[in-house]
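Since the structure comes first, as structure tokens, the remarks are kept for the end.
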Amino acid sequence: DNAVEKISAGKSLQTIDSARTIIAVIDASEGVTDQDLALLGLAVQTGKSLIIALNKWDGLDAGQRQHVEAQVERKLGFADYAAFQRMSALHGTGVGELFDTLEQIRASLVARLKSSEATMLLEQAVSQHSPPLVRGRRIKLRYAHVGGHDPLRIIVHGNQTESVPDSYRRYLEGVYRHALRLVGTPG
């Protein structure tokens with residue numbers, strides 16, 4: 001068992017490294033396992049687009065579904081950009097929607113944004129929710145520009161940007177993801 005698991009984990013790491021979009025299939029009847037968490041953590045660290053497919057969904061009753069959804073929300077908060085798909089590979093339920101989600105991710109990966117638009121979105125986000133004080137000083141985020149594509153990378157300039165808390169970074173990522181209708185891609 002241990003040798004098979006090591007080989008499987010090694011192959012998963014190779015696949016994560018070479019993939020553009022990752023579909024993590026989780027057995028909904030088992031819930032989110034430690035190995036699922038470890039592999040999803042690696043996928044998020046590499047900045048890959050991500051779909052989390054909850055397989056065997058049709059075999060769960062309403063109470064089990066509610067339990068799995070609560071567990072996914074609690075354990076997978078670090079992958080908040082991921083697209084979620086409920087499906088049954090055996091019966092084919094939800095598989096068509098999986099391909100639709102892949103197409104939405106493909107469109108998100110090639111999304112284009114002008115620097116002026118990136119800055120405008122930044123200004124709107126800051127006006128709605130100001131960055132916190134750091135050591136008694138206000139963080140000032142001045143402008144943003146595109147730092148890369150596939151996936152889209154937005155670089156924010158200002159003072160004390162290295163001190164921006166992770167929670168505020170996630171807020172900005174969410175603002176850009178929502179405004180640009182990005183699906184399954186990190187911000």
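Residues that are of a type in the set (Gly, Ala, Ser), open to solvent by 70 Å² or more (accessible area, probe 1.4 Å) and modelled with pLDDT under 90 occur in segment 14-32; there is at least one. Does segment 66-78 contain any residue that is in contact (Cβ under 8 Å) with a residue 24 or more places away in the chain, surrounded by 14 or more Cβ atoms within 10 Å (Cβ to Cβ) and within 30 Å of residue 147 (Cβ to Cβ)? Looking through segment 66-78, at least one residue is in contact (Cβ under 8 Å) with a residue 24 or more places away in the chain, surrounded by 14 or more Cβ atoms within 10 Å (Cβ to Cβ) and within 30 Å of residue 147 (Cβ to Cβ). Of all the listed residues (130, 116), the sole one being over 22 Å from the mean Cα position of the chain (by Cα), in a loop (DSSP other than H, G, I, E, B) and at pLDDT 90 or above is 130. Looking across segment 151-187, the residues that are part of a loop (DSSP other than H, G, I, E, B), touching a residue at least 60 places away in the same chain (Cβ under 8 Å) and within 14 Å of the chain's Cα centre (by Cα) come down to 151, 181, 182, 183, 184, 185, 186, 187.
Considering (1) touching an Asp or Glu at 6+ places or on another chain (Cβ under 8 Å); (2) in a strand (DSSP E or B); (3) among the basic types (Lys, Arg), the lone condition that residue 142 does not fulfil carries the number (1). Only one of the numbered conditions (1) within 20 Å of residue 170 (Cβ to Cβ); (2) open to solvent by less than 60 Å² (accessible area, probe 1.4 Å) is not met by residue 63, and that is (1).
Pull out all pairs, ordered by first then second residue, where Cβ-Cβ is under 7 Å, the residues are six or more apart or on different chains, the first lies in segment 96-123 and is more than 20 Å from residue 86 (Cα to Cα) and open to solvent by 40 Å² or more (accessible area, probe 1.4 Å), and the second is in a helix (DSSP H, G or I) and aliphatic (A, V, I, L, M). Note: no pairs meet the criteria.
Scanning segment 90-112 for residues that are within 18 Å of residue 146 (Cβ to Cβ) and part of a helix (DSSP H, G or I) yields 107, 108, 109.
The values are calculated or read from the model by the stated rules, or taken from the named source; none is laboratory data. Just so it is clear, the structure is predicted and the values come from calculations on it, not from any experiment. Quick reminder, even Gly has a Cβ in these numbers, built from the backbone with ideal geometry, and neighbours come from all protein chains shown. Keep in mind that these areas ignore ligands, DNA and RNA; they rest on the heavy atoms of the full protein, side chains included. Shrake-Rupley method; radii C 1.70, N 1.55, O 1.52, S 1.80 Å.
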